[in-house]
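K.L.:
I am attaching a structure below and will ask some questions about it afterwards.
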Amino acid sequence: MSPARLLLLSLLLLPGLAAAQRVTVPVDVGVGPAAFLFFGPVFEDQPIHTGLKLSVDAVLDREWLRKNQRLIPRRYRKQAQQMDEIRISPSILIPDSLIISPKLRDTGMYGATWKPLSLGLPLSSSPARFSVGAGLLLTYAYLHSDTLEDTHFLRPGASLGVDLELQLSKSFLVGVGWESAFYVPQELGGLGLPERLRDGIFHVGQAYLQLHFRFPYTTRL
């Protein structure tokens, strides 16, 4: 288990601390437009579908870790001093993205993606934070079309992506990124596997722009 993971667990599982102390943590809420590319027959019918990219994280940055050393067990304090930040998502029930793509010509699509598990590796720190990430996904989307078979797309998958986040002020940031999601292939018009990979849905690309707003939130940690 990585040092960051051990530190995170120690913060969440300290015995008796949640009942004794209230702390204020910075919360980052991100929202912005996204373009989805369902490679294969859906892409050939309509290359781009629209939606929203969402995120909600508690951000424990270096300043927070320094000011709240009392919350960190002594054996992890040295590791905490070496970290730029730790991000904690409060709930897996918050969607990672929403697909909201009305039928403008032949095909429309609505759905959502959840990311119950994700890992990120920052390669640079603020004010320009570049990171790579991976995660496990679950996506449901309803595709209705005049040219393709109507499909209830429901599949688990895995994602790889890159993200560039620019901190314009302490409370406002802008992020852009790309994510490729690879799913268990699904045929159009059903829930089974396609006869040929290229005839189904298996790879979805997502390009996005996010506006991030940060504000203090007091809770029991």
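The values are calculated or read from the model by the stated rules, or taken from the named source; none is laboratory data. Only a predicted model underlies this, so the values are computations on that prediction, with no experimental measurement involved. Neighbour counts are summed over all protein chains in view; Cβ atoms, including those assigned to glycine, are modelled from backbone coordinates with ideal geometry. Ligands, DNA and RNA are stripped out before the accessible areas are found, and what is left, the full protein with its side chains, is counted by its heavy atoms. Shrake-Rupley method; radii C 1.70, N 1.55, O 1.52, S 1.80 Å.
K.L.:
Just give me the residues in the stretch 146-157 being within 20 Å of the chain's Cα centre (by Cα) and surrounded by 14 or more Cβ atoms within 10 Å (Cβ to Cβ), in sequence order.
P.N.:
Matches in the stretch 146-157: 153, 154, 155, 157.
K.L.:
Right, next: Can you tell which of 72, 86, 48 is in contact with a Leu (Cβ under 6 Å, 6 or more places away or on another chain) and either touching a residue at least 60 places away in the same chain (Cβ under 8 Å) or open to solvent by 30 Å² or more (accessible area, probe 1.4 Å) (or both)?
P.N.:
Every option except 86 fails the conditions.
K.L.:
Considering each of 147, 139 in turn, give the residue that is assigned to a loop (DSSP other than H, G, I, E, B), among the hydroxyl-bearing types (Ser, Thr, Tyr) and touching a residue at least 40 places away in the same chain (Cβ under 8 Å).
P.N.:
None of the others qualify; the one that does is 147.
K.L.:
Filter the stretch 163-188 down to residues that are among the aromatic types (Phe, Trp, Tyr) and more than 30 Å from residue 64 (Cα to Cα) and give me whichever is surrounded by the most Cβ atoms within 10 Å (Cβ to Cβ).
P.N.:
This residue is 183.
K.L.:
While we're looking at this one, here's another question. Out of 160, 136, 191, 143, report the one residue that is under 26 Å from residue 92 (Cβ atoms), crowded, with 17+ Cβ neighbours inside 10 Å and modelled with pLDDT of 95 or more.
P.N.:
Exactly one of 160, 136, 191, 143 is under 26 Å from residue 92 (Cβ atoms), crowded, with 17+ Cβ neighbours inside 10 Å and modelled with pLDDT of 95 or more, namely 143.
K.L.:
Looking only at the stretch 165-185, decide whether some residue is under 23 Å from residue 103 (Cα atoms) and in a loop (DSSP other than H, G, I, E, B).
P.N.:
Among the residues of the stretch 165-185, not one is under 23 Å from residue 103 (Cα atoms) and in a loop (DSSP other than H, G, I, E, B), which makes the answer no.
K.L.:
Tell me which residues, restricted to the stretch 190-218, are among the small types (Gly, Ala, Ser) and assigned to a strand (DSSP E or B).
P.N.:
Initial filter on the stretch 190-218 (among the small types (Gly, Ala, Ser)): 190, 192, 200, 205, 207.
Result: 200, 205, 207.
K.L.:
Further, regarding this structure: Any idea how many residues of the stretch 3-45 are in a helix (DSSP H, G or I), open to solvent by less than 20 Å² (accessible area, probe 1.4 Å) and modelled with pLDDT of 80 or more? If you could, list the steps in order and put the result at the bottom.
P.N.:
At the first step, the residues of the stretch 3-45 found to be in a helix (DSSP H, G or I) are 3-13, 41-45.
Right, trim to open to solvent by less than 20 Å² (accessible area, probe 1.4 Å) and you get 7, 10-11, 42.
Imposing the further condition that a residue be modelled with pLDDT of 80 or more reduces the set to 42.
Residues in the stretch 3-45 being in a helix (DSSP H, G or I), open to solvent by less than 20 Å² (accessible area, probe 1.4 Å) and modelled with pLDDT of 80 or more: 1 in total.
K.L.:
Picking from 125, 131, which residue would you name as being outside any strand (DSSP E or B), over 25 Å from residue 45 (Cα atoms), out of contact with any His (no Cβ under 8 Å at 6 or more places or on another chain) and not hydrophobic (A, V, I, L, M, F, W, C)?
P.N.:
Unique residue meeting the criteria: 125.
K.L.:
Just a yes or no: is a residue in the stretch 103-111 more than 12 Å from the chain's Cα centre (by Cα), under 19 Å from residue 159 (Cα atoms) and at pLDDT 90 or above?
P.N.:
yes
K.L.:
Exactly one condition in (1) in contact with an Asp or Glu (Cβ under 9 Å, 6 or more places away or on another chain); (2) open to solvent by less than 30 Å² (accessible area, probe 1.4 Å); (3) without any contact (Cβ under 8 Å) to a residue 60 or more places away in the chain; (4) assigned to a strand (DSSP E or B) is not met by residue 113; state its number.
P.N.:
Of everything listed in (1) in contact with an Asp or Glu (Cβ under 9 Å, 6 or more places away or on another chain); (2) open to solvent by less than 30 Å² (accessible area, probe 1.4 Å); (3) without any contact (Cβ under 8 Å) to a residue 60 or more places away in the chain; (4) assigned to a strand (DSSP E or B), residue 113 misses just condition (3).
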